[in-house]
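J.: Before I ask anything, here is the structure I am working with.
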Amino acid sequence: MITQTKNTQDKLTPEDAHQILVEGNERFLKNMKTQRDLQEQVKQTSKGQYPFAVILSCIDSRVPVELIFDLGIGDIFSTRVAGNIINTDILGSMEYSCKVAGSRIIVVMGHTKCGAVKAACENVELGNITSLLSKIKPAMDIIKSEGIDINDSATKEIVAIKNVHVSIERIRQESIILSHMEKVGEIKIIGSIYDVSTGKVDFFESPILSKINNNLLNEEFPSIV
């Protein structure tokens, strides 16, 4: 597997970048790891980096981003924070990744059995965790507006999905740079959910809905695009 260079990065479209991630997760699921000379990649990237994607994911130890997408050194910018929430530092990091360093896709990836989502639904308050969990509240409010009990374990998985939608909407609303890049086709912004039980990543488009579809409660994941 080649190391990303300026030349290979320039040739990629946002759709190409998405497909690389899809194929990488398929290899992970089949336990077919790509053979890489990691020490050689260290040398090749020592003078510059040209990642094709930036992935925002949770800090959960069961969600090692480079592994689940079968990636090497220099392939992606990995941004991790509990609950895959958005703040100004993360937005700035994404803007650097795409506008300055040339990444072609932003992926916001939630996951099943998310401790941050569970804590938010249970109104945990503890030090700086309280402020962090408050950023998951908008997703909870969307669910509660339908009169659905967020304390149900199945509903917490729906909150995790909705939290991905909320994070993506915040990217579009709060970053003029990234919103414009998406509108003109320079980048793609997409959501996903990682299943900690199977290792599978499901991608989906991410419009914000004013109401939650009750049928989602009978599905493990939303419709995949």
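The values are calculated or read from the model by the stated rules, or taken from the named source; none is laboratory data. These numbers were taken from a predicted model, which means no experiment stands behind them. Cβ atoms come from the backbone with ideal geometry, glycine included; neighbour counts cover every protein chain shown.
J.: Of the residues SER197, SER131, SER167, SER175, which single one is touching an Asp or Glu at 6+ places or on another chain (Cβ under 9 Å), modelled with pLDDT of 95 or more and either within 29 Å of LYS99 (Cα to Cα) or not basic (Lys, Arg) (or both)? Step through it out loud before you land on a result.
T.: On the way: SER197 fails: touching an Asp or Glu at 6+ places or on another chain (Cβ under 9 Å); SER131 fails: touching an Asp or Glu at 6+ places or on another chain (Cβ under 9 Å); SER167 fails: touching an Asp or Glu at 6+ places or on another chain (Cβ under 9 Å).
The match here is SER175.
J.: Here is a list of conditions, (1) closer than 29 Å to SER197 by Cβ; (2) surrounded by 13 or more Cβ atoms within 10 Å (Cβ to Cβ); (3) out of contact with any Ser or Thr (no Cβ under 7 Å at 6 or more places or on another chain), and THR34 meets all of them except one; can you say which number that is?
T.: Only one criterion in (1) closer than 29 Å to SER197 by Cβ; (2) surrounded by 13 or more Cβ atoms within 10 Å (Cβ to Cβ); (3) out of contact with any Ser or Thr (no Cβ under 7 Å at 6 or more places or on another chain) is unmet by THR34, namely (2).
J.: Go through region 37-54 and give me each residue that's crowded, with 18+ Cβ neighbours inside 10 Å and aliphatic (A, V, I, L, M).
T.: ALA53, VAL54
J.: What residue, among those in region 165-180 that are closer than 16 Å to ILE136 by Cβ and not hydrophobic (A, V, I, L, M, F, W, C), is surrounded by the fewest Cβ atoms within 10 Å (Cβ to Cβ)?
T.: That would be GLU169.
J.: Being closer than 28 Å to THR155 by Cβ and surrounded by 18 or more Cβ atoms within 10 Å (Cβ to Cβ): is that true of LEU29 here?
T.: Criteria not met by LEU29.
J.: Checking the condition touching a helix residue (DSSP H, G or I) at 6+ places or on another chain (Cβ under 7 Å), farther than 17 Å from THR88 by Cα, among the basic types (Lys, Arg) and surrounded by 15 or more Cβ atoms within 10 Å (Cβ to Cβ), which residue from LYS144, LYS162 passes?
T.: LYS162
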